[in-house]
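J.: I'd like to ask some things about the structure below.
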Amino acid sequence: MSNLNSARWEQVQSVFHTVAEALVGEREAVLRGLCAGDEALAAQVCALLEEDWRGESMLDQGLGPLALTIVTDEFEARLGQQIGPYRILQMLGEGGMGVVYLAERTDIGGLVAIKLLRDAWLSPARRRRFASEQKTLAQLNHPGIARLYDADTLADGTPWFVMEYVDGLPLIAFWQAQSGTVEECLRLFRRICEAVLYAHGHAIIHRDLKPSNVLVTAAGAVKLLDFGIAKDLLETEDAGDVTVTGLRAMTPAYAAPEQQDGSAVGVFTDVYALGILLYELLTGKLPHDRAAVGTRWDLEAARPSSLAKADRFTAAVTSTEWADLNVLCLTAMRQEVVRRYQSVEALIRDVDAFLAGRPLEARVDSRLYRVGKFGRRHRAGLTYATVTVLLIAAIIGFFTLRLERARKAALEQAARTQRIQQFTANLFQGGDVSAGPTEDLKVTTLLHRGLEEVNGLNADPAMQADMRETVGNIYRKLGDPKQADVRLTAALEQRQGFAQKDAQEQRKLVDATISLGLVKMEEAKLDEAERLVQQGLQMCRALPASDAATRPSTATAMVALGSVLEAKGDYAGAIKVLEEALKMQPAGTSAEMAANLRGLANVQFYSAHFAEAEALEKRTLAMHKSLRGEHHPDVAEDLNTLGAIQHELGNLHEAEIYYRSALAITEGWYGPGHPNTAQDLTSLGRTLVNEKKYGDAKQVLERALAIQESTHGHNHPAVASALNELGNLAAQENDYVAAGARYAETLQIWRAVYGDHHQFIGVGLSNMGSVYMGQKDYVRAEMMYRKAVQAFTETVQEQHLNTGIAHIKLGRALLRQKRYADAEPETLRGYETLVKMVAPGNAFLVAARKDLEAIYTGLNRTADAVKYRSYDLQKL
């Protein structure tokens, strides 16, 4: 192919990748459709396919066999191999990107599905899509989506990840084996829609919905698979997903027109594929001629009612119901995006309307149609209404009023749907209907446009509140709590002002109240945070018992309250709330359980119960790896806590390893300028200071400080944390003037945020005492240490690591004044506290032994002095 020019080579590459990533049975049709009679192009692609699969020569087999040849010795050779703790049992299937095997976990048992990227070296775009699928699955935790358990690479660099194994049939095969009613068909379809809606709620578009990617178990549970070409709406499109010819990875028979012609995709793209699935469920046929794959459909599909099999459920479905089913399918499958259901939620509403016998939103607003639907729902009432003329008149008047109300509600919902459609379009077009989204459209651009659109929704306050809450939560994820506060506060004020709140609006009010409380916590507005979360918890408990299945989890609200109490330093209160919440959690692994355990681990850490904290955090880490994979921010946060535990125990090398692992995940996920990245940098810098790696520590801590000040302003605990570690660094380098300035700033921030009753005030006072010690002003150091001991005793009790350290420091200040009798009880009390908590080599413990030796020498108690000197000699 050396004589190909660049344009031709790009065309060959484009067709090759599209055919290689199609299903086996579709490859010949895809290849013919893309080549469109260009035999030279087809031959060139065939040559690449032959090289791709490295099989025996296939040039003499013809186009069809070449496109269908997929199984190689390489795949069979993996059977029986061990990948991590998994042993491969058999091959389940393969596509253009990866091979999926059934495997058994050999250590704890259980079946899983392992997906390996095939020919990873061949296409960087394929590697990117494989990594994107892994990242996408890590974000999704829904019973209708196959979960991600684990991920790694083979020795040769081939990436793999482990998914939940689903023992089920592809959607159409499952349904064809049933003898269910049309209602059962729609309920099955609705479960698929719910899973897709959940993904959309996390800004993920599947883009490849088809029967083989929807498995149904014998119990009727659905599982979505294969997010290999899913798109994250919060990220710009990867250049590897698009070729210069405009061809994209997809399954043509189920791809929406905008996918086929390279236009912008959105949630409406998955709506189109869902319409195809419903069409196929109802009729057993695809709506278009499959010989035409690779081209955009120019004609609308035939009505499902004209193709449905007579022996299926045709006889049990009335002509009016078939008319509604036609509308459901064909509205979802409209060629023009603006005529299609604009969201999966809108599609679900019409499915529910059909099942309940109510009018569809997508039907023409015909009074005769609505009266007919109404009459079928209230047949008994209308029958009794014929008893007397007066009764007939009364009932007609009553139901006419009801009908008008229903009609008004339907019109309002239709108008709302139209506004949502316009809102979404304007996000990408910036208000210019002739403009499409640019290739480098940024999240911040979308947010700014979103704010403009939200401000124009005054006519629909409920929708405006929804949109403000959505934008606010996105700002929170982007690490901008100030902007999140503004949007969530406005949304909550609107929700509180609604005169009549139905059950759904009550649930939204609870969620909005707790979300705003957590943002206030991130802004260090702790009293407001506690008030809001307590209020949300009370509202949650007040919801009717009949709403228990869908109401916000009381346990989840209690975990949020535990986090706020921890931030305020009320560790006993936090432990009580979090342990109560833990009793309410369902057994097993779940994101809610993991959040509960993490909250408990954090509080136990700040209470200096390090063994309990470590055990809880390791359970949390195992859960998060199972739920999210190895490279998720939740995993990074667990690693950070484990690093903090090791630091406090004096195991600095182990702490640094944990912190660096956490930082790599966090920075890779959020980027270098995110406050979560800065938090991990601060933790790492603290350990580097204690390891005397001063140059590295200074660089890391100054970077952390700059990020936190840029995000939060100056008066924030995260800023104080970075300043405090910079003070420690200056003190280690004997620059006590700089250290004192840093510590004074830190203490000022902590007092502004927490008041005087918090253990961090004790930390600040203790650090100021260390500055005076360095300056040999032992009297002022003594004064500071006594205040620190008092602060710790009042906030975290006597038997706490920080209280013990403060006693040791106070003893040293007295020792330097040669007040040996006064120094002995302070140093001894601190030593006895620490010896129960930390490793023998802990720096404070070693210093306490040396001080006790000096104290007893000064008191002429030689035997006691030798005891502590001998201890150190034995450890050398």
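J.: Residues of segment 333-348 being closer than 18 Å to TYR198 by Cβ and buried (at least 19 other Cβ atoms within 10 Å of the Cβ), which ones?
T.: First, the residues of segment 333-348 that are closer than 18 Å to TYR198 by Cβ: 341-348.
Residues satisfying the conditions are TYR341, GLN342, SER343, VAL344, ALA346, LEU347.
A quick yes/no check of all residues on (1) at pLDDT 90 or above; (2) part of a helix (DSSP H, G or I); (3) open to solvent by 20 Å² or more (accessible area, probe 1.4 Å):
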{"residue": "ASN141", "(1), (2), (3)": "no, no, yes"}
{"residue": "ALA151", "(1), (2), (3)": "no, no, no"}
{"residue": "LEU169", "(1), (2), (3)": "yes, no, yes"}
{"residue": "PHE189", "(1), (2), (3)": "yes, yes, no"}
{"residue": "ILE192", "(1), (2), (3)": "yes, yes, no"}
{"residue": "ALA195", "(1), (2), (3)": "yes, yes, no"}
{"residue": "TYR198", "(1), (2), (3)": "no, yes, yes"}
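J.: Provide a single number: the residues in segment 832-849 that are surrounded by 16 or more Cβ atoms within 10 Å (Cβ to Cβ) and either in contact with a Lys or Arg (Cβ under 7 Å, 6 or more places away or on another chain) or closer than 19 Å to GLN817 by Cα (or both).
T.: Step one: of segment 832-849, the residues surrounded by 16 or more Cβ atoms within 10 Å (Cβ to Cβ) are 833-834, 837-838, 842, 844-845, 847-849.
Now narrow it down to the ones that are either in contact with a Lys or Arg (Cβ under 7 Å, 6 or more places away or on another chain) or closer than 19 Å to GLN817 by Cα (or both): 847-849.
Within segment 832-849, residues that are surrounded by 16 or more Cβ atoms within 10 Å (Cβ to Cβ) and either in contact with a Lys or Arg (Cβ under 7 Å, 6 or more places away or on another chain) or closer than 19 Å to GLN817 by Cα (or both) number 3.
J.: Output the residues belonging to segment 78-110 that are open to solvent by 40 Å² or more (accessible area, probe 1.4 Å) and part of a strand (DSSP E or B).
T.: Matches in segment 78-110: GLN82, ARG87, LEU89, GLN90, MET91, LEU92, GLU104, ARG105.
J.: Now for a different question. Need the failing condition index for THR827 against (1) of a type in the set (Ser, Thr, Tyr); (2) within 24 Å of ALA613 (Cβ to Cβ); (3) at pLDDT 95 or above, just the number.
T.: All conditions pass for THR827, except number (2).
J.: Take GLU853 and tell me if it is more than 25 Å from GLU725 (Cβ to Cβ), touching a Lys or Arg at 6+ places or on another chain (Cβ under 7 Å) and part of a helix (DSSP H, G or I).
T.: Yes: the conditions hold for GLU853.
J.: I'd like the residue in segment 306-332 that is surrounded by 14 or more Cβ atoms within 10 Å (Cβ to Cβ) and modelled with pLDDT under 85 and, out of all such residues, is nearest to GLN260 (Cα to Cα).
T.: Step one: filter segment 306-332 for residues surrounded by 14 or more Cβ atoms within 10 Å (Cβ to Cβ), giving 307-308, 312-313, 317, 321-332.
Of the ones still in play, those that are also modelled with pLDDT under 85 are 307-308, 312-313, 317.
Values: LEU307: 26, ALA308: 28, ARG312: 33, PHE313: 34, VAL317: 35 Å.
By that ranking, first place goes to LEU307.
Yes or no, residue by residue, for (1) touching a helix residue (DSSP H, G or I) at 6+ places or on another chain (Cβ under 9 Å); (2) under 13 Å from LEU561 (Cβ atoms); (3) open to solvent by 10 Å² or more (accessible area, probe 1.4 Å):
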residue: GLN504; (1), (2), (3): no, no, yes
residue: ALA512; (1), (2), (3): yes, no, no
residue: GLU523; (1), (2), (3): yes, no, yes
residue: ASP527; (1), (2), (3): yes, no, yes
residue: GLN534; (1), (2), (3): yes, yes, yes
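J.: Let me ask something additional. Contact list please: Cβ distance under 8 Å, first residue in segment 792-811 and touching a residue at least 12 places away in the same chain (Cβ under 8 Å) and closer than 15 Å to HIS609 by Cα, second residue of a type in the set (Lys, Arg) and surrounded by fewer than 22 Cβ atoms within 10 Å (Cβ to Cβ), pairs at least six apart or on different chains.
T.: GLY804/ARG829
J.: Quick one: would you say LYS867 is at pLDDT 90 or above and assigned to a helix (DSSP H, G or I)? If you could, list the steps in order and put the result at the bottom.
T.: On the way: at pLDDT 90 or above: no; assigned to a helix (DSSP H, G or I): yes.
So LYS867 fails the test.
J.: While we're looking at this one, here's another question. Is it the case, given these coordinates, that HIS757 is over 31 Å from the mean Cα position of the chain (by Cα), outside any helix (DSSP H, G or I) and in contact (Cβ under 8 Å) with a residue 12 or more places away in the chain? Walk me through how you get there before you give the answer.
T.: On the way: over 31 Å from the mean Cα position of the chain (by Cα): yes; outside any helix (DSSP H, G or I): yes; in contact (Cβ under 8 Å) with a residue 12 or more places away in the chain: yes.
So HIS757 fits the description; yes.
J.: Being crowded, with 21+ Cβ neighbours inside 10 Å and among the acidic types (Asp, Glu) is the filter here; which residues of segment 698-753 pass it?
T.: Passing the criteria: only GLU725.
J.: Moving on. Out of (1) touching a strand residue (DSSP E or B) at 6+ places or on another chain (Cβ under 8 Å); (2) open to solvent by 20 Å² or more (accessible area, probe 1.4 Å); (3) small (Gly, Ala, Ser); (4) in contact (Cβ under 8 Å) with a residue 24 or more places away in the chain, what's the single condition that is false for ALA203?
T.: (2)
J.: Output the residue which, of all residues in segment 780-797 that are in contact with a Phe, Trp or Tyr (Cβ under 8 Å, 6 or more places away or on another chain) and open to solvent by 10 Å² or more (accessible area, probe 1.4 Å), is nearest to ALA567 (Cα to Cα). Even if it seems obvious, please write down each step before you answer.
T.: So the first thing to find is which residues in segment 780-797 are in contact with a Phe, Trp or Tyr (Cβ under 8 Å, 6 or more places away or on another chain), and the list is 780-781, 784, 796.
Now narrow it down to the ones that are open to solvent by 10 Å² or more (accessible area, probe 1.4 Å): 780, 784, 796.
Working: ARG780: 30, MET784: 24, VAL796: 13 Å.
Among them, the one singled out is VAL796.
J.: Can you tell which of GLY479, GLY472 is at pLDDT below 85, open to solvent by less than 60 Å² (accessible area, probe 1.4 Å) and at positive phi?
T.: Being at pLDDT below 85, open to solvent by less than 60 Å² (accessible area, probe 1.4 Å) and at positive phi holds for just one of GLY479, GLY472, which is GLY479.
J.: Now for a separate question. Suppose we keep only residues that are at pLDDT 90 or above and touching a helix residue (DSSP H, G or I) at 6+ places or on another chain (Cβ under 6 Å) within segment 211-232. Which one would you say is surrounded by the most Cβ atoms within 10 Å (Cβ to Cβ)?
T.: Only one residue fits best here, namely VAL214.
J.: Moving on. Could you pull out the residue among ALA848, ALA865, ALA854 that is touching a helix residue (DSSP H, G or I) at 6+ places or on another chain (Cβ under 8 Å), touching a residue at least 40 places away in the same chain (Cβ under 8 Å) and of a type in the set (Gly, Ala, Ser)? It would help to see each step written out before you state the result.
T.: Details: ALA865 fails: touching a residue at least 40 places away in the same chain (Cβ under 8 Å); ALA854 fails: touching a residue at least 40 places away in the same chain (Cβ under 8 Å).
Of the residues listed, the single one that is touching a helix residue (DSSP H, G or I) at 6+ places or on another chain (Cβ under 8 Å), touching a residue at least 40 places away in the same chain (Cβ under 8 Å) and of a type in the set (Gly, Ala, Ser) is ALA848.
The values are calculated or read from the model by the stated rules, or taken from the named source; none is laboratory data. Keep in mind it's a predicted model, so treat the numbers as computed, not measured. With ideal geometry, Cβ positions are generated from the backbone for all residues, glycine too; neighbour counts draw on all protein chains shown. What goes into the accessible areas is simple: the full protein's heavy atoms, side chains included, and nothing from ligands, DNA or RNA. Shrake-Rupley method; radii C 1.70, N 1.55, O 1.52, S 1.80 Å.
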